[in-house]
Amino acid sequence: MQLEYDLAGPGATDLFESLRAFGYDLPTAIADVLDNSLTAGAKNIWIDLTWAGRNSRVTIRDDGRGMSETKLVEAMRPGSTSPVEDRDPNDLGRFGLGMKTASISQCRCLTVMTREVDSALAVRRWDLDYLSQVRSGEWRLLKGRSLLKPEDQKLLDRENSGTVLFWDRLDTLVGDVDEDNDVVQRHFRERAEAVRDHLAMVFHRYLRGRHSVKIHLNGRPVEPWDPFLEDSGLSEALPSETLGVGSERFEVKGFILPHHSRISAEAHASAAGYNGWNAHQGFYIYRNRRLLVAGDWLGLGMQKEEHFKLARIRIDLPNSTDLSWQIDVKKSQAHPPAALRKDLRRIARAARSRASSIYRHRGKLIQRTLGDGGAFLWKHLTKHGKTFYKINRDHPLVATVLAEAEDKKPIRALMSLIEQTVPAPLIVVNNAEAPDSLAQPFEGASAELRSAMEAVFAALVSSGRSPLEAGEELIRMEPFDAYPEIVAAFVEQSMEMRRSNAGRAAE
Ligand SMILES: Nc1ncnc2c1ncn2[C@@H]1O[C@H](COP(=O)(O)OP(=O)(O)O)[C@@H](O)[C@H]1O
Ligand SMILES: [Mg+2]
């Protein structure tokens, strides 16, 4: 039987205009383009966001394999590769859409210039404003080197091969404004920094190690941001597990990040990540070492809460699991297959419980390991389900003050007043509203730190410890344990002083 039909293809402009609304933003769009550069074996990627008002431009250049003229034309076609086709295991692409949709979400004119080794330069352009004037709705892909200025055509001269994307008419990011528009210019610069943060996170495993890749953003290298602080040696690694459905296998590994008192204030702030500590807890999903999801409990019925923030769990997926994990076009979402939810929930629970015990009970844990009642100034007591905070009378400084005072009554009264009025509810509220905003003990107050240290040291010595013992105790004592170098220097200095005093006395 002869089938009847109408031709009902989409009009070029209409489809492009709809594809713009995929929900990319500047950082995710650039990351998607970088996936192609990495798949093409690039060792260097140069991204330039050049401000020039309405003529501002984003240029993304790589020294990867490049494309032949035929391949470029194919690559410019929306849906150039079907998502159900098997891909090379190292391919970061999937839908055959990224380069077009990501670019067009940010600009109205995408030009791609590329060159394979020992081949001629090929140039193609999608220009939305040109297409909108084409009445027939034809998919007219503009071609020819002359689309680009002579200096732009030279951009690949120094590489053996490579590809450059030019994004012009950045209507979402810049719009139709003059070059001296300070407000928009500032926004433009801020977005460039957001791009830096995003790339540092998404590609951190490509930016480090033997076969690492360099990403240069406006002339400055992008430094990797590792959510697990693996290099610090301070994160606790939970045992890794291999899970899978059918023949698909992948690895899951939990990390408990160090309590903030164990790392410097800068390291703590930088480990927080782009959206802050609370937001970045949960599962991190990587596809071929490229980060897709940066902290999420994956709809497993668990909430993000302050006391779980130290739990970060890495999932390493190969690109063959794309369909079962429902990887989306923007590569910003992934959903675990139903059959895995039980295992993932179990792993999440274990990590969360360990994280919350580190977060909450660090003090208790240390106390237990030291077997020493004097290391903490504050004691946390519970009675009939109520919590109390009491000043530790065994703390060396408290004990000395009480022992040396002629009239102990006002001191006892003062301590009891402090204990009864600790603004605990206020602290809880502040911490929940602005996590990590609490200052560290003696943050920016080194003179006060020093005199507190002197006083406690003296108290320890006067209670019968040798200076060496006192020094060792001091280094394990809160809050001095957060400043091991300063304490060590102080102890050394006081021992030195004692030695020379003793020497003088003997002369
Ligand atoms: N920088 C590049 N270097 C070499 N080839 C590229 C580059 N960017 C895109 N391509 C080619 O264009 C094709 C289409 O890219 P894209 O639209 O992002 O879809 P996908 O990455 O899903 O295949 C890629 O499969 C690749 O063959
Ligand atoms: Mg791609």
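Shape verdict for the stretch 29-147, please, from the Cα gyration tensor: rounded (a/c under 1.5), prolate (a/b greater than b/c) or oblate. Provide the component values of the computation, followed by the final result.
On the way: a/c = 1.44, a/b = 1.21, b/c = 1.19.
The shape class here is rounded.
With R₀ fixed at 35 Å, the C-beta to C-beta distance from L426 to Q326 puts the FRET efficiency at about 0.20.
Fewest neighbouring Cβ atoms within 10 Å first, the residues I60, I427 line up as I427, I60. Here the simple spin-label model places points 7 Å from the Cα toward Cβ, and for H216 and K143 these points are separated by 3.2 nm. Placing a label point 7 Å from the Cα of S463 along the Cα-to-Cβ line, the residues of the stretch 401-421 whose backbone N sits under 11 Å from it are 401-403.
Under the simplified labelling scheme, the K390-A120 pair shows an inter-label distance of 8.9 nm, with each label point 7 Å from Cα along Cα→Cβ.
With a Förster radius of 25 Å applied to the beta-carbon distance between D171 and L15, the computed FRET efficiency rounds to 0.90.
Here the label points at E179 and K409, each 7 Å from Cα along the C-beta direction, are separated by 8.1 nm in the simple model.
Stretched out fully, how many nm does the piece from A279 to D91 gain, at 0.36 nm a residue minus the Cα gap?
Using 0.36 nm per residue and subtracting the Cα-Cα distance, I get 64.8 nm.
Given a Förster distance of 41 angstrom, what is the FRET efficiency for E151 paired with D226, based on the Cβ-Cβ distance and rounded to 0.05?
Details: r = 38 Å, r/R0 = 0.93.
Calculated transfer efficiency: 0.60.
Counting only residues at least eight positions apart within a chain, or on another chain, the lysines with an alpha carbon under 23 Å from that of K214 are K43, K154, K330, K331.
Bear in mind that the values in this text are calculations on the coordinates, not laboratory data. Note that the structure is a prediction, hence the values are computed from the model and not measured. Quick reminder, even Gly has a Cβ in these numbers, built from the backbone with ideal geometry, and neighbours come from all protein chains shown.
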